Amino acid sequence: MDIFLQQLINGLVLGSVYALVALGYTMVYGILELINFAHGEITMMGALVALAVIGALALAAPGLPGVLVLGAGLAVAIPVCVALGLVIERVAYRPLRNAPRLAPLITAIGVSIILQNVAMLIWGKQYIPFPAILPEGRHQVLGATVSDIQIAILVLAVLIMLALILVVQKTRLGRAMRATAQSRQVASLMGVDVNRVIAATFAIGSALAAVAGVMVSAYYGLAHYYMGFLLGLKAFSAAVLGGIGNLRGAMLGGLLLGLIESFGAGYIGDLTGGFLGSNYQDVFAFFVLIAVLVFRPSGLLGARLVERA
Amino acid sequence: MKRTPPRWLAFSLLALGLALLPFLVDAGMGRSWVRLLDLALLYVILALGLNIVVGYAGLLDLGYVAFYALGAYVYAWLASPHFGLHLPFWAVLPLGAALAALFGVLLGAPTLRLRGDYLAIVTLGFGEIIRIFMNNLNAPVNITNGPQGINLIDPVRLGSFSLNQPHRLFGVTFTGIHLTYYLFLLFTLMVIFISMRLEDSRIGRAWVAIREDEIAAAATGINTRNLKLLAFAMGATFGGLAGGLFASFQGFISPESFNLMESIMILCMIVLGGMGHIPGVIFGAVVLTLLPEALRYTGDWQRDLFGHVYVDPADLRMLLFGVALVAVMLYRPAGLLPSTRRRREFADAKG
Amino acid sequence: MTVHKLAWVMVAAALVAGCGDKPQQDGGKQTVLIGQASPLTGPQAHLGKDNENGARLALDEINAAGLTLGGKKVVLELKSEDDAADPKTATTVAQKLVDEGVAGVIGHLNSGATIPASRIYSDNGIPQISPSATAVAYTAAGYKTAFRVMTNDAQQGSVLGNFAVTKLGAKRIAIIDDRTAYGQGLADEVEKAVKAAGGEVVAREYTSDRSTDFMAILTSIKGKAPDLVFFGGMDPQAAPMIKQMKQLGIHAKFLGGDGVQTPAFIQLAGGDAEGALASNPGLPLDAMPGGSAFKAKFEAKYGQIQNYAPYAYDAMHVLVDAMKRADSSDPAKYLAELPKTDYQGVTGHIRFDAKGDLTGGAVTLYQVKDGKWQTLETVQSGK
């Protein structure tokens, strides 16, 4: 039982990490119907920028409380990522808004390769350790272990999702975003500055990516120029699973994917008598993704997508 | 049109050039460049295969390397000590290509309803699934030998005539890599020929129609389902063929040769050269295969100039790819050597 | 599409290809070329350069001492090439070295690059000694030209498995590997050795060389209550893995191979690294017969030793030693002398078995104490 509970916790935490990143994908897709492939890389940039600040601070002022240092890292990483997101949107996506669908997808891949290599030139290829500045509180719950940072990730993911839903439902910007998502042309006829709305979406998504990146590197204790790629891929799968363009869907998809991977890797070996093992962990994730897309292309919670050929 | 030399002259010049190329390269630049030439031909086949799926039919496939891997593994299974089978290449290559085609249809069938970006992600997942299976199917039954890969794969051999030994023909010594060049050239020309015929056929025009507007294409009576499946199957066949040739050429394959980066690299080739345009695709494939070798010199220059390598040529290559992908899409969306039709389309889209 | 366009493409391609220059052959003196291939760019560039420097140091010494073969004075020249640790590039580089007429090759560094390249050397009859490739498959191919002066994965794995059961007293052992050729190969050998020594493998789990989350497999392992967890893989995975073990309250010992026995592991895992065990093939430098002398010579010229430089140094000497015995630098002649090698090198006594593997290669075990890798003991692998 304690093993089962532990796997449940593992899955929920992993899922929250995916959900945090997935929210960024889903926002951009919801408005532009564009897979922002570079989103995972923005997460990576956030982590590495924050880590540089944290490392410098930990050296300069060793006595500072960990949460403060982390806050300082975030305070630098968020504006950097927002700026990055805005530049990418302006340079690589906006000129192609009316081009054939393939075009922005290919630039997105290109941007993602550029970001990876720029990060590699700045920070090198080695893994960078996250200094032990955070308290490592561990709690026992019915024989399973939960750490403070795991709780923080879970709570943060839920809070951010709720905040985003509030923004989208209750604010002027949110209304403009929904209008833009429905139809860019009509929205602009109604006096919505579509370019600003899209830029705002990228800004919010990139800020989220920065937060996610910092949380991920703090949790696993390291960061690396390549960390955004797989994370982004999983998070994107999560967003599709839940119904891309749907904020609750991103959360649900993330959690589900986390649980599938966790229970899959944890139990498949015993269930199949060792025939399949945890080496097929990533296969489950992709199989579920393909199955969902094939049988329910709009995702579990459905999306506001309209099929436009 | 008046000024251009007669067609037969261009043809024979081209044929002569192609026949002499490995010797010119060998004499001028060393034999390792002939080997690169072989590799470039391999990538031309791969790129032309992906071009059918992406360039003609407009289906963004990010898992194309899976078919390449299948072809390579089929060759390795049937012509290496791994299972103790040593079938001749003319039997193994078609089998590999056929299996790849089958998987192409298997991948295509469930994804017919999916649009561009969803399709991209599903094919990417498919590519990863194939790689993960190749990497793990060494237990409980050893099928792929897992991450260790399969070694000692037979070279292409006809009777006692083996492609990894030098032969003297008509008083000229042909080394293994020269002969490989001619074999690969033969297959490349075949693939180019098929691509050309397809492009100008009813099928090719139907693909273009699907690419431009699937609903309109269906409304004009095009069987979009079958044609999309055919595109996947054709692309996969070429991929499988290239895989088999690669296995025999390299003699050793392991799953790390078939990762996502390889798929993206092939995609770069056709995007850079010009999607849907055969000379463009060939150009892209050749340039991108030779680029890392050319970039190697930048490492030497840096070492000579600064006594230290600041930017790794390998990293520089990836960075250049990234920049090239973005720049080409922004400024020359139809590629560096675009087809006239494609150029018009992109111009229309912009206006 | 027209044929003219195709012709233009070919011309363009030929022009692009024409930018290279032809390698020059040295006339005059009797010069013998020796190839060296390793990654000189990319993440392992520092290791590749280290190999090159080790080989160059030996070569300079041999030249300074003077070498006479077949009654003629011979000067050795090093041809160093970058294989970028990539299998495909490795074959191109191998072909390049063969074209340039090298008499022998020191390399490559990685198993993944060494294996495909070995076929080209074999086809051309060029002897090859790898200072650092450890995969069993390299010499298992049966090429007459393939040798190595480094303990292979099977030797290291059997020492590790034996050590876990007999020295550490572990009965229940969990094994994780990262599904790379290196990690999986090593883990399989450890599993065999553990079983042979009477231990029980209670769990066999897998991850990838890009993962950072091991909570699921570690939780599953925790349920099997092992005494020891062995990980076949590299330090970027090992560090978060040992952290997550601590977090989950797994008190089993942690054992790894040479991919874990690195300074980066301690740096990444911080305090959680304490007590971790790992092996590295070969002797620690200060325990090598000629270790301190080599260190002084090497560091005076090239700075700090990274890892395999002493092996590359020995490989060069072994190659030339065979040439001396054959009194020829012709590969066809001195290749027959290589299997008979009996050479006292810096790294130990070098002899080859029938496959070209080092006989009785040493494996050293280390443990993290006070934030540093401390030598525990050195084991000679039984053949």
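The figures follow:
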{"quantity": "Residue list for the range C:329-352, restricted to those being open to solvent by 20 Å² or more (accessible area, probe 1.4 Å) and under 17 Å from C:Leu33 (Cβ atoms)", "calculated": "C:Ser329, C:Asp330, C:Pro331, C:Ala332, C:Lys333, C:Leu335"}
{"quantity": "Among (1) open to solvent by 10 Å² or more (accessible area, probe 1.4 Å); (2) at pLDDT 90 or above; (3) touching a Gly at 6+ places or on another chain (Cβ under 9 Å); (4) not aliphatic (A, V, I, L, M) - the single one A:Cys81 does not satisfy", "calculated": "(1)"}
{"quantity": "A:Gly66 vs. criteria touching a residue at least 40 places away in the same chain (Cβ under 8 Å), surrounded by 18 or more Cβ atoms within 10 Å (Cβ to Cβ) and within 14 Å of chain C (Cβ to nearest Cβ)", "calculated": "no"}
{"quantity": "Residue selected from the range C:258-275 under the condition under 21 Å from C:Thr151 (Cβ atoms) and at pLDDT 90 or above, by the criterion most open to solvent (accessible area, probe 1.4 Å)", "calculated": "C:Gln261"}
{"quantity": "Residue pairs meeting the criteria (Cβ under 8 Å; at least 6 apart or on separate chains; first touching a residue at least 60 places away in the same chain (Cβ under 8 Å), in the range A:195-211; second charged (D, E, K, R) and assigned to a helix (DSSP H, G or I))", "calculated": "A:Asn195/A:Arg94; A:Ile198/A:Glu89; A:Ile198/A:Arg94; A:Ala199/A:Glu89; A:Ala199/A:Arg90; A:Phe202/A:Glu89"}
{"quantity": "Top-ranked residue in the range A:270-290 [being more than 7 Å from chain C (Cβ to nearest Cβ) and of a type in the set (Gly, Ala, Ser); ranked as most open to solvent (accessible area, probe 1.4 Å)]", "calculated": "A:Gly273"}
{"quantity": "Test result for A:Leu241, surrounded by fewer than 24 Cβ atoms within 10 Å (Cβ to Cβ), more than 13 Å from the chain's Cα centre (by Cα) and more than 14 Å from chain C (Cβ to nearest Cβ)", "calculated": "no"}
{"quantity": "Among the residues listed as B:Met265, B:Met261, B:Met234, the single one being in a helix (DSSP H, G or I) and modelled with pLDDT of 90 or more", "calculated": "B:Met234"}
{"quantity": "Residue match in the range A:68-75 (condition: closer than 30 Å to B:Leu60 by Cβ and under 17 Å from the mean Cα position of the chain (by Cα))", "calculated": "no"}
{"quantity": "In the range C:287-306, residue farthest from C:Leu376 (Cα to Cα) [restricted to those that are open to solvent by 60 Å² or more (accessible area, probe 1.4 Å) and of a type outside the set (Gly, Ala, Ser)]", "calculated": "C:Lys301"}
{"quantity": "Residue satisfying condition, being in contact with a His (Cβ under 8 Å, 6 or more places away or on another chain), of a type in the set (A, V, I, L, M, F, W, C) and within 14 Å of chain B (Cβ to nearest Cβ), within set A:Val21, A:Val28", "calculated": "A:Val28"}
{"quantity": "C:Lys324 being loosely packed, with under 15 Cβ neighbours inside 10 Å and away from chain A (no Cβ under 14 Å)", "calculated": "no"}
{"quantity": "Checking C:Thr92 against (1) at positive phi; (2) open to solvent by less than 20 Å² (accessible area, probe 1.4 Å); (3) within 13 Å of chain B (Cβ to nearest Cβ); (4) not basic (Lys, Arg), the condition it does not meet", "calculated": "(1)"}
{"quantity": "Qualifying residue in the range B:220-229 (condition: farther than 30 Å from B:Pro155 by Cβ, within 11 Å of another protein chain (Cβ to nearest Cβ) and either open to solvent by 10 Å² or more (accessible area, probe 1.4 Å) or outside any helix (DSSP H, G or I) (or both))", "calculated": "yes"}
{"quantity": "Yes/no for A:Leu173 being crowded, with 22+ Cβ neighbours inside 10 Å and part of a helix (DSSP H, G or I)", "calculated": "no"}
{"quantity": "Residue identified as aliphatic (A, V, I, L, M), within 19 Å of A:Arg296 (Cβ to Cβ) and touching a Ser or Thr at 6+ places or on another chain (Cβ under 7 Å) among B:Leu152, B:Leu137, B:Leu114, B:Leu119", "calculated": "B:Leu119"}
{"quantity": "Conditions (1) surrounded by 13 or more Cβ atoms within 10 Å (Cβ to Cβ); (2) away from chain C (no Cβ under 14 Å); (3) assigned to a helix (DSSP H, G or I); (4) not small (Gly, Ala, Ser); number of the one not met by A:Val192", "calculated": "(3)"}
{"quantity": "Complete set of residues in the range C:68-89 that are within 12 Å of chain B (Cβ to nearest Cβ) and either in a helix (DSSP H, G or I) or farther than 18 Å from B:Arg296 by Cβ (or both)", "calculated": "C:Pro87, C:Lys88, C:Thr89"}
{"quantity": "Residues within the range B:92-125 that are of a type in the set (A, V, I, L, M, F, W, C), in a helix (DSSP H, G or I) and open to solvent by 30 Å² or more (accessible area, probe 1.4 Å), tallied", "calculated": "8"}
{"quantity": "Test: residue in the range C:151-158 that is in a loop (DSSP other than H, G, I, E, B) and either modelled with pLDDT of 90 or more or of a type outside the set (Phe, Trp, Tyr) (or both)", "calculated": "yes"}
{"quantity": "Residue in the range C:94-113 that is under 19 Å from C:Thr341 (Cβ atoms), part of a helix (DSSP H, G or I) and touching a residue at least 12 places away in the same chain (Cβ under 8 Å) present", "calculated": "no"}
{"quantity": "Selection count, the range B:51-86, where residues are of a type in the set (A, V, I, L, M), under 23 Å from B:Phe232 (Cα atoms) and more than 13 Å from every other protein chain (Cβ to nearest Cβ)", "calculated": "5"}
{"quantity": "Of the criteria (1) under 30 Å from C:His349 (Cβ atoms); (2) in contact with a Ser or Thr (Cβ under 9 Å, 6 or more places away or on another chain); (3) touching a residue at least 12 places away in the same chain (Cβ under 8 Å), which one C:Asp286 fails", "calculated": "(3)"}
{"quantity": "Residue within the range A:106-116 that is surrounded by fewer than 21 Cβ atoms within 10 Å (Cβ to Cβ) and farther than 25 Å from A:Ile9 by Cβ present", "calculated": "no"}
{"quantity": "Within the range C:34-48, tally of residues that are at pLDDT 90 or above and open to solvent by 20 Å² or more (accessible area, probe 1.4 Å)", "calculated": "0"}
{"quantity": "Sole residue being under 28 Å from B:Glu128 (Cα atoms), open to solvent by 10 Å² or more (accessible area, probe 1.4 Å) and touching a helix residue (DSSP H, G or I) at 6+ places or on another chain (Cβ under 7 Å), chosen from B:Leu14, B:Leu39", "calculated": "B:Leu39"}
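Conditions (1) open to solvent by less than 10 Å² (accessible area, probe 1.4 Å); (2) within 14 Å of chain B (Cβ to nearest Cβ); (3) β-branched (Val, Ile, Thr), marked per residue:
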{"position": "C:Glu100", "(1), (2), (3)": "no, yes, no"}
{"position": "C:Ala103", "(1), (2), (3)": "yes, no, no"}
{"position": "C:Pro116", "(1), (2), (3)": "yes, yes, no"}
{"position": "C:Ser122", "(1), (2), (3)": "no, yes, no"}
{"position": "C:Ile129", "(1), (2), (3)": "yes, no, yes"}
{"position": "C:Thr139", "(1), (2), (3)": "yes, yes, yes"}
{"position": "C:Ala146", "(1), (2), (3)": "yes, yes, no"}
{"position": "C:Asp153", "(1), (2), (3)": "yes, yes, no"}
{"position": "C:Leu168", "(1), (2), (3)": "no, no, no"}
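The values are calculated or read from the model by the stated rules, or taken from the named source; none is laboratory data. This is a predicted model, so every value here is computed, not measured. Glycine gets a Cβ as well: all are built from the backbone with ideal geometry, and neighbour counts include every protein chain shown. What goes into the accessible areas is simple: the full protein's heavy atoms, side chains included, and nothing from ligands, DNA or RNA. Shrake-Rupley method; radii C 1.70, N 1.55, O 1.52, S 1.80 Å.
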